[in-house]
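Encoded as structure tokens, the structure appears first; notes follow it.
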Amino acid sequence: MTVFNISLAAFPGQEFAVAMARAAAGVSEPLLGQLAVDHVQLCPQNRGLLSPDLARHLAETYPATQFRVHANTRVVSKRQVTDLDRFDAGAEYWQALAHISQLLGAPAYSAHAGLKANATLEQVLDNTRRAADLFGVPVAIEGHYPTPRGIYLLDTWEDYRTLLESGVPYALDLSHLHILAVQSGRREEELVKEMLGAQQCLEIHVSGNNGARDSHEVLDDTVWWWPLLSHTNPDAVVFSEGTQRH
């Protein structure tokens with residue numbers, strides 16, 4: 001049975017401590033039921049600075065929760081929008097992010113691939129390996145989806161196949177794959193099964209959308225990828241990113 005943990009992306013614009021208190025008080029979704037706080041992601045959607053003191057406070061206040069940082073969460077005074085396409089930029093930021101991850105005792109870190117204008121897919125895969133050396137834990141790359149201007153790396157089924165075959169750890173966002181399926185006009189269900197079941201699949205992200213944009217809706221009905229979750233690697237952590245609007 002799949003355990004659905006909560007990502008604090010579910011509380012956009014709320015401070016980390018406030019969002020975590022809401023999560024710990026109990027959150028449910030129509031399709032997923034009660035969301036667990038065994039694992040919790042701290043996200044860029046949350047407001048405020050994730051300082052070392054706050055990281056220690058969260059870890060001490062919720063000892064039964066395994067925290068991890070996701071993407072370009074704010075950990076320095078000036079907000080940085082830095083994905084794995086720009087790993088060589090902003091060394092201070094990456095070092096601060098790795099330090100926060102280590103203070104939390106996080107088992108992994110995940111980040112977006114980024115923009116085609118900044119790097120090739122091969123360079124980003126290499127950056128992900130280098131980031132793992134800095135963090136001291138596996139770093140998972142999260143893919144994207146097609147957009148009208150085609151700006152993102154990892155936005156085709158072929159790119160996802162390349163990612164799987166690279167051996168690099170990844171976070172598989174099924175809501176992103178829904179957009180890819182709608183925009184491409186095809187569902188690569190066998191590939192998705194392979195990716196869900198692979199040992200390098202460290203995280204799975206779920207939420208709903210209409211196939212046009214990543215709107216992080218709460219899931220109230222099954223979608224095409226829902227039955228494929230039965231193929232999930234049992235060591236992968238599943239996070240819901242559905243926005244809690246009440």
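Is it fair to say Ser207 is open to solvent by less than 40 Å² (accessible area, probe 1.4 Å), over 25 Å from Lys116 (Cβ atoms), within 16 Å of the chain's Cα centre (by Cα) and small (Gly, Ala, Ser)? Talk me through it step by step, then tell me what you get.
Values: open to solvent by less than 40 Å² (accessible area, probe 1.4 Å): yes; over 25 Å from Lys116 (Cβ atoms): no; within 16 Å of the chain's Cα centre (by Cα): yes; small (Gly, Ala, Ser): yes.
It is false that Ser207 is open to solvent by less than 40 Å² (accessible area, probe 1.4 Å), over 25 Å from Lys116 (Cβ atoms), within 16 Å of the chain's Cα centre (by Cα) and small (Gly, Ala, Ser).
Restricting to segment 80-131, what's the tally of residues that are open to solvent by 10 Å² or more (accessible area, probe 1.4 Å), closer than 18 Å to Gln41 by Cα and outside any loop (DSSP other than H, G, I, E, B)?
Number satisfying all stated conditions: 6.
Give me the residue from segment 71-92 that is at pLDDT 95 or above and among the basic types (Lys, Arg) and, out of that set, nearest to the chain's Cα centre (by Cα).
That would be Arg74.
Hey, can you tell me all the residues within segment 35-65 that are polar (S, T, N, Q), closer than 25 Å to Val81 by Cα and either more than 16 Å from the chain's Cα centre (by Cα) or open to solvent by 50 Å² or more (accessible area, probe 1.4 Å) (or both)?
Of the residues in segment 35-65, the ones polar (S, T, N, Q) are 41, 45-46, 51, 61, 65.
Now restrict to residues that are closer than 25 Å to Val81 by Cα: 41, 45-46, 51.
Passing the criteria: Gln45, Ser51.
Please state which of the following conditions Val137 fails to meet, knowing it meets all the rest: (1) part of a helix (DSSP H, G or I); (2) touching a Ser or Thr at 6+ places or on another chain (Cβ under 9 Å).
It fails just one condition, (1).
Consider Ser175 carefully, then state whether it is in a helix (DSSP H, G or I), modelled with pLDDT of 95 or more and surrounded by fewer than 17 Cβ atoms within 10 Å (Cβ to Cβ).
Working: in a helix (DSSP H, G or I): yes; modelled with pLDDT of 95 or more: yes; surrounded by fewer than 17 Cβ atoms within 10 Å (Cβ to Cβ): no.
When the stated conditions are applied, Ser175 does not pass them.
Given the conditions (1) open to solvent by 40 Å² or more (accessible area, probe 1.4 Å); (2) modelled with pLDDT of 95 or more; (3) part of a loop (DSSP other than H, G, I, E, B), which single one is not true for Gly150?
If we test Gly150 against (1) open to solvent by 40 Å² or more (accessible area, probe 1.4 Å); (2) modelled with pLDDT of 95 or more; (3) part of a loop (DSSP other than H, G, I, E, B), just (1) comes out false.
Mind counting the residues in segment 1-34 that are part of a loop (DSSP other than H, G, I, E, B) and surrounded by fewer than 23 Cβ atoms within 10 Å (Cβ to Cβ)? Let's see the steps before the verdict.
So in segment 1-34, the residues part of a loop (DSSP other than H, G, I, E, B) come out as 1-3, 11-14, 26-27, 30-32.
This time we only want the ones that are surrounded by fewer than 23 Cβ atoms within 10 Å (Cβ to Cβ), so: 1-3, 12-14, 26-27, 30-32.
Result for segment 1-34: 11.
Name, by its number, the condition in (1) out of contact with any Pro (no Cβ under 8 Å at 6 or more places or on another chain); (2) open to solvent by less than 10 Å² (accessible area, probe 1.4 Å); (3) among the hydroxyl-bearing types (Ser, Thr, Tyr) that does not hold for Thr73.
Status for Thr73: all satisfied but (1).
Per-residue answers, yes or no, for (1) assigned to a loop (DSSP other than H, G, I, E, B); (2) modelled with pLDDT of 95 or more; (3) in contact with a Leu (Cβ under 9 Å, 6 or more places away or on another chain):
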site: Arg161; (1), (2), (3): no, yes, yes
site: Glu165; (1), (2), (3): no, yes, no
site: Lys193; (1), (2), (3): no, yes, yes
site: Gln199; (1), (2), (3): yes, yes, no
site: His205; (1), (2), (3): no, yes, yes
site: Asp221; (1), (2), (3): yes, yes, yes
site: Asp235; (1), (2), (3): yes, yes, yes
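So for segment 187-198 (the condition being within 29 Å of Gly13 (Cα to Cα), open to solvent by less than 30 Å² (accessible area, probe 1.4 Å), of a type outside the set (S, T, N, Q) and free of Cβ contacts under 8 Å to residues at least 60 places away in the same chain), does at least one residue qualify?
no
Considering segment 219-234 alone, what residues qualify as being within 13 Å of Leu31 (Cα to Cα) and surrounded by 15 or more Cβ atoms within 10 Å (Cβ to Cβ)?
Scanning segment 219-234 gives Leu219, Val223.
The values are calculated or read from the model by the stated rules, or taken from the named source; none is laboratory data. These figures come from a predicted structure and were not determined experimentally. Every residue, glycine as well, gets a Cβ built from its backbone with ideal geometry; the counts of neighbours run over all protein chains shown. Accessible surface areas use protein heavy atoms only, side chains included; no ligands, DNA or RNA. Shrake-Rupley method; radii C 1.70, N 1.55, O 1.52, S 1.80 Å.
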